[in-house]
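One structure below.
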Amino acid sequence: MKLHGLTEEQYIAWNRDGYLVLDGFLSPEEVDRYNAETDDAFERWRSNGGGNPEHGQLNHVEQICGIIDYGDAFLELMEHPKMMAVMRDVIGDRFVMIDNDAMLKPPKREAHTNWHRDTGNKLFVNEREIPFMVKVFYFLSDVADDGGCLAFLPGSNHLPNERLPRVEKQEDMPGHVRMTVKKGTAVLFNGYTYHSALNNYSDTTRRSLIYNYGASFVRTWPGYEASEELRAKATTNLRKMLLGVTPWVADPKAFEERPEPVPAAKP
């Protein structure tokens, strides 16, 4: 199998564990840019009432559902060339954007969720098992062991539901691995992998941008549909595919295209 963004060792680890950590994925300059853009987005979001779709209301965190509507920087991150190469390795040449968020997890807060899978579905394409969905976390802050880590149960992507342990407190899960990461790290995981958010006992806000990609026949989650403004910016086959404008793109050259600037509207 030809790999586009992963090494053979990374690909083996991905299939074995159900998640993958890419240290230093974003440059320091990119981290600074996305932190500034995130601060601006939350300021605008709060000034407009801080609303989200009903299904996007989470306890103990601040979350902007549909962050790609808050600026071109977030739209560009959706199609980051390095991540698109990785996605081709783990899910194939055809996939769509299911949802996207910015999330702040304030200090001294309980976790907003317990152990779960994002999907109960498995998918086979041409006799190859691929994820039904793949979620990517871009961390914009360092995350300490007690800092509200994203956590995984390695290998749970191969376990049936009846073999998954149940715990009342997130940190009590046996064999879990915590994403104690540096800012700029990207973490991606199979939606079938058992995972959880942990409690943030630290004095630091955990900052992340989250992009969820799914098989090309999956529809964007309600409330995350591309606006007319975003659809107007779909000037490449790749962006049309990701935004669901033309979801069945199967041309590998689509991953080499770069969007052209959209002309400003005449006054």
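Here are the numbers for the structure shown:
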| read-out | value |
| --- | --- |
| Overall dimensions of the chain as given by Cα atoms, namely Rg and Dmax in Å | 18.1, 62 |
| Helix-only mean residue ellipticity at 222 nm for the chain, each DSSP H run of n ≥ 4 adding -39500 (n - 2.57), per residue, nearest 500 | -6500 deg cm²/dmol |
| Taking the C-alpha atoms of region 109-267, convex hull volume expressed per residue in Å³ | 165 |
| Cut-off under 5 Å, modelled amide H: who pairs with ALA111 long-range | ASN199, ASN200 |
| Global geometry of region 62-200, whether rounded, prolate or oblate, following the gyration tensor of its Cα atoms and the 1.5 cut on a/c | oblate |
| Extension reserve of the TRP248-ARG219 stretch, reckoned as 0.36 nm per residue once the Cα distance is removed | 9.2 nm |
| Calculated Rg and Dmax of region 1-128 using C-alpha coordinates, Å | 17.1, 50 |
| Counted charge near GLY66, where neighbours are those whose Cβ lies closer than 11 Å (Asp, Glu -1; Lys, Arg +1) | -4 |
| Förster radius 35 Å - calculated FRET efficiency between ASN52 and GLU29, Cβ distance, rounded to 0.05 | 0.70 |
| Cβ-based net charge around ARG231, under 11 Å, with every Lys or Arg adding one and every Asp or Glu removing one | 0 |
| Percent breakdown of C-alpha pair distances by 5 Å bin, ordered from the shortest bin, for region 6-76 | 3, 13, 17, 16, 14, 15, 13, 6, 2, 0 |
| Whole-angstrom gap from region 151-173 to region 101-137, using each part's C-alpha centre | 13 |
| Under 5 Å, built H, 5+ apart or other chain: amide partners of ILE98 | ASN212, TYR213, GLY214 |
| Net charge, ILE98 excluded, C-beta distance under 9 Å - Lys, Arg +1, Asp, Glu -1 | +1 |
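Values quoted throughout were computed directly from the atomic coordinates according to the rules given, and no laboratory measurement underlies them. Model, not experiment: these values are computed from the prediction. Counting neighbours? That spans all protein chains shown, and the Cβs are built from the backbone with ideal geometry, glycine included.
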